[in-house]
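S.K.: Supplied in structure tokens, the structure appears directly below.
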Amino acid sequence: MKTLEHYLKIFSKRKRSPHALWSDATKKKAPHKPILLLAVMDFISRGMLATNFIDLSRDLSELNDLFNSYWIRVVPIGQTSSIAFPFSRLHSEGFWKLVPQPGQASSFRKAPEVSTVPQLREVVLGAEIENDLFLCLQIPGNRRALRQVLLQSYFSEEAQRNLEDQARINADAYSYSLELVEKAHEPLVWERVASIEYKPAPVRDQGFRRAVVTTYNHRCALCGVRMVTPDGHTAVDAAHIKPWSISKNDDIRNGMALCKLCHWSFDEGFIGVSKNYDVVVSTQLNSGTNMPGLLSTLHKRSLITPDDKELWPAQEYLEWHRQEFKLNRA
């Protein structure tokens with residue numbers, strides 16, 4: 001059985017391509033592989049990987065969010081990447097084996113040349129982590145040691161601090177999202193802060209978004225649209241019904257998943273939700289030179305709600321919104 005010491009050595013010697021576009025933050029070399037490994041360790045720490053197989057159809061969205069959260073902390077704005085790039089190229093490292101789609105080659109002699117998630121999905125189902133490594137990663141102390149060797153081997157001291165800060169945010173935001181779901185099953189207390197007021201904004205934002213978007217399964221509560229890109233990017237936002245700036249309240253029942261247009265329209269008071277959980281459209285929507293298109297057809301349409309009724313938007317918050325924008329008389 002391969003030991004932690006074996007993987008510490010392996011993790012410190014990953015192949016990376018040098019290029020002029022990479023800064024001192026990543027020691028002048030591509031950061032894709034170590035960033036993906038950091039994301040995988042976060043994913044495992046959440047208990048979201050029951051076996052050593054990473055399934056693209058199941059795991060990609062959350063893994064991609066983690067990858068991007070680290071990426072933006074060390075890579076200049078404008079330099080984007082796809083998780084497909086390191087996901088495929090780790091195949092050459094020995095501890096990461098791509099599992100091909102049916103009809104594809106039974107094995108890969110080298111990493112397939114793909115750079116986008118659709119290309120990756122065409123050829124692979126996912127990746128198997130070497131079982132000894134997977135077992136090693138189940139132990140928190142091992143994850144900490146392997147994380148440190150990745151940070152020290154591939155990033156500057158400043159970048160290490162930024163990535164460590166992001167790791168804390170990711171862990172705290174995930175815990176916060178679970179806390180919000182749990183507290184939503186408790187009796188509603190109007191304007192209840194529930195220990196959230198003192199959490200850092202990145203933790204609150206990331207945790208509230210995850211809790212709400214997953215609760216609504218990435219579907220807009222008002223218009224019903226559900227669009228998720230191959231990379232796992234979603235069309236919906238986590239919208240507060242009574243704004244955080246006023247309520248200081250991240251209760252899931254003070255939130256809805258809304259697409260960009262419905263989110264803006266709700267915040268501006270063009271759309272609301274009735275006591276019967278039907279969509280209410282303001283008379284102002286069609287005033288003047290407005291051309292609201294499909295928004296006009298939403299009036300009296302049933303709200304799309306979570307399966308768990310205890311997570312539905314609370315009428316206390318919806319009533320505040322109706323009163324604020326005079327939608328009771330719309």
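S.K.: Looking at segment 57-75, is at least one residue of a type outside the set (A, V, I, L, M), under 23 Å from HIS19 (Cβ atoms) and in a loop (DSSP other than H, G, I, E, B)?
M.R.: no
S.K.: Now, a different point. Can you name every residue in segment 275-289 that is out of contact with any helix residue (DSSP H, G or I) (no Cβ under 8 Å at 6 or more places or on another chain) and assigned to a loop (DSSP other than H, G, I, E, B)?
M.R.: ASN276, TYR277, SER287, GLY288, THR289
S.K.: Hey, any hits in segment 270-277 for a residue that's buried (at least 17 other Cβ atoms within 10 Å of the Cβ) and either touching a residue at least 60 places away in the same chain (Cβ under 8 Å) or in contact with an Asp or Glu (Cβ under 7 Å, 6 or more places away or on another chain) (or both)?
M.R.: No: zero hits.
S.K.: Counting just the residues of segment 70-110 that are of a type in the set (A, V, I, L, M, F, W, C) and over 28 Å from ALA25 (Cβ atoms), which one comes out surrounded by the most Cβ atoms within 10 Å (Cβ to Cβ)?
M.R.: The qualifying residue surrounded by the most Cβ atoms within 10 Å (Cβ to Cβ) is LEU98.
S.K.: Take the residues of segment 13-53 that are surrounded by 14 or more Cβ atoms within 10 Å (Cβ to Cβ) and polar (S, T, N, Q): which is nearest to TYR176 (Cα to Cα)?
M.R.: SER45
S.K.: Does segment 116-126 include one or more residues that are in the same structural domain as ARG16 (by TED's automatic domain parsing) and assigned to a loop (DSSP other than H, G, I, E, B)?
M.R.: Yes: segment 116-126 contains one or more residues that are in the same structural domain as ARG16 (by TED's automatic domain parsing) and assigned to a loop (DSSP other than H, G, I, E, B).
S.K.: I would also like to ask the following. Taking the options ILE35, ILE83, name whichever one is β-branched (Val, Ile, Thr) and closer than 18 Å to ILE169 by Cβ.
M.R.: Checking each option against the conditions leaves just ILE35.
S.K.: Answer with yes or no whether GLY269 is more than 13 Å from TYR216 (Cβ to Cβ), modelled with pLDDT of 95 or more and part of a loop (DSSP other than H, G, I, E, B).
M.R.: Here the answer is yes, as GLY269 does meet what is asked.
S.K.: All but one of (1) crowded, with 19+ Cβ neighbours inside 10 Å; (2) over 26 Å from the mean Cα position of the chain (by Cα); (3) among the hydrophobic types (A, V, I, L, M, F, W, C) hold for ILE304; which doesn't?
M.R.: (2)
S.K.: Okay, moving on. Considering only segment 303-324, state which residues are closer than 28 Å to SER245 by Cα and not in a helix (DSSP H, G or I).
M.R.: LEU303, ILE304, THR305, PRO306, ASP308, TRP312, PRO313, ALA314
S.K.: Quick check on my filter: what residues within segment 247-266 are outside any strand (DSSP E or B), of a type outside the set (Gly, Ala, Ser) and under 17 Å from PRO313 (Cα atoms)?
M.R.: Matches in segment 247-266: LYS248, ASN249, ASP250, ASP251, ILE252, ARG253, ASN254, CYS262, HIS263, PHE266.
S.K.: Looking at GLY232, GLY224, which one is in a loop (DSSP other than H, G, I, E, B) and modelled with pLDDT under 90?
M.R.: From the options GLY232, GLY224, the qualifying one is GLY232.
S.K.: Kindly indicate which of GLU158, GLU128, GLU113 is surrounded by fewer than 20 Cβ atoms within 10 Å (Cβ to Cβ), over 23 Å from the mean Cα position of the chain (by Cα) and in contact (Cβ under 8 Å) with a residue 40 or more places away in the chain.
M.R.: Values: GLU128 fails: over 23 Å from the mean Cα position of the chain (by Cα); GLU113 fails: in contact (Cβ under 8 Å) with a residue 40 or more places away in the chain.
Result of the check over GLU158, GLU128, GLU113: GLU158.
For every residue, the table says whether it meets (1) under 19 Å from ASN162 (Cα atoms); (2) in contact (Cβ under 8 Å) with a residue 40 or more places away in the chain.
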position	(1), (2)
LYS9	no, no
LYS27	yes, yes
PRO34	yes, yes
SER45	no, yes
GLU62	no, yes
ARG73	yes, yes
GLY78	yes, no
SER82	no, yes
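S.K.: Looking only at segment 252-266, decide whether some residue is surrounded by 18 or more Cβ atoms within 10 Å (Cβ to Cβ) and among the aromatic types (Phe, Trp, Tyr).
M.R.: Looking for residues that are surrounded by 18 or more Cβ atoms within 10 Å (Cβ to Cβ) and among the aromatic types (Phe, Trp, Tyr), one finds at least one in segment 252-266, hence yes.
The values are calculated or read from the model by the stated rules, or taken from the named source; none is laboratory data. Predicted model, so just to flag it, every value in this text is computed and none were measured. We place every Cβ from the backbone using ideal geometry, glycine too, and count neighbours over all the protein chains shown.
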